[in-house]
Amino acid sequence: MRQELMSLPKTLADDVARNLVMVARLLDEEPEQAYAYSRIALRLASRVAAVREAAGFASYASERYAEALAEFRATRRMTGTVDLWPVMADCERGLGRPERALEMAGAPEVQKLDKAGQVEMRLVAAGARQDMGQAEAAVVTLQSSELASSAVHPWTARLRYAYADALLAVGREPEAREWFAKALEADQNGTTDASDRLAQLDGVEFVDAFEDADEADEADDADDAGQAEAADDAEAADDADDADEADPDEPDETVAVVVTDDDSTAGKDKDADLTDEADPASFLASPFREPAAGDD
């Protein structure tokens, strides 16, 4: 790739290289971002084969199979190699054309592939068979000398995993379990989820302890909030009852009665007796305290 970029002016080559580095870093975890960087590199240097190949893989990872196939075809025309033949066939599967993928699996180009490429082509062909509802044929397609070999290669785990999955699809569960175990044994880099598939077959269910703890904390917080709200409601009800017990006809304050000096009032006191009445009781509700987040 560096050799190809040397055909560009220095500044342009550096810009393209930076974008290709980001494509490589993000391809597995953030395919959409990788795709965005690949489009920038493609605009800068569309005549560089390495750029077209990177754009193809970014499109493939983000499931833009038509774009990926176009980029891979362009790369093949520019380089003359057949290394991308299996992934091109898989793009045909992604476009809903498994028959075309099977045709490519039988093409002369397959014989020009190295061992890894031939294994990839076999995996694609088996997937195409499954797409067409031919589960038994998928099992037969994966049976090969590479599968029977005890040697471990970078593609061994994926081949064994695919075979186990195909066996499971036709109801051969004991054999599937055996091959999932073999896939796990060869999977040194964790490229498959063979351990999870084995656990499922054994009836083991994994529980996320952190997620359960969070749910328990949320439930406790909800209980505390409910109890506090209930206490606040009860206190408010008590306040209302105490207020009802007070005589609504009693004056809230001492009232002065003024009497005129009319003859009709002679002999009577000029002032009425004043009665000191107590103020109605006042109540202060306890402040409502929301439980702090994370309280146990």
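A few notes on this one:
- Among the residues of the stretch 180-189, those that are of a type outside the set (Gly, Ala, Ser) and either part of a loop (DSSP other than H, G, I, E, B) or closer than 20 Å to residue 116 by Cβ (or both) comprise 182, 185, 187, 188, 189.
- Residue 25 vs. criteria open to solvent by 70 Å² or more (accessible area, probe 1.4 Å), on the phi < 0 side of the Ramachandran plot and part of a loop (DSSP other than H, G, I, E, B): no
- The set of residues in the stretch 161-179 that are closer than 19 Å to residue 116 by Cα and more than 27 Å from the chain's Cα centre (by Cα) contains only 163.
- Restricting 89, 126 to those that are within 29 Å of the chain's Cα centre (by Cα), open to solvent by less than 10 Å² (accessible area, probe 1.4 Å) and more than 20 Å from residue 59 (Cα to Cα) reduces the list to 126.
- Checking each residue in the stretch 131-174 for being in a loop (DSSP other than H, G, I, E, B) and either hydrophobic (A, V, I, L, M, F, W, C) or in contact (Cβ under 8 Å) with a residue 60 or more places away in the chain (or both) picks out 132, 151, 152, 155, 170.
- Annotation note: Cβ proximity below 7 Å between a residue of the stretch 97-110 that is touching a residue at least 12 places away in the same chain (Cβ under 8 Å) and a residue that is surrounded by fewer than 16 Cβ atoms within 10 Å (Cβ to Cβ) and in a loop (DSSP other than H, G, I, E, B) (sequence gap 6+ or interchain) occurs for 98/132.
- The lone exception for residue 82 - which of (1) open to solvent by less than 50 Å² (accessible area, probe 1.4 Å); (2) of a type in the set (A, V, I, L, M); (3) part of a helix (DSSP H, G or I) it fails: (3)
- Within the set 66, 116, 138, the sole residue that is more than 22 Å from residue 51 (Cα to Cα) and either touching a Leu at 6+ places or on another chain (Cβ under 7 Å) or surrounded by fewer than 21 Cβ atoms within 10 Å (Cβ to Cβ) (or both) turns out to be 116.
- A residue that is farther than 13 Å from residue 16 by Cα, over 33 Å from the mean Cα position of the chain (by Cα) and open to solvent by 60 Å² or more (accessible area, probe 1.4 Å) cannot be found anywhere in the stretch 45-54.
The values are calculated or read from the model by the stated rules, or taken from the named source; none is laboratory data. All values derive from a computational prediction rather than experimental measurement. Virtual Cβ from ideal backbone geometry, glycine too; neighbours counted across all protein chains shown. The area values use the complete protein model at the heavy-atom level, side chains included, leaving out ligands, DNA and RNA. Shrake-Rupley method; radii C 1.70, N 1.55, O 1.52, S 1.80 Å.
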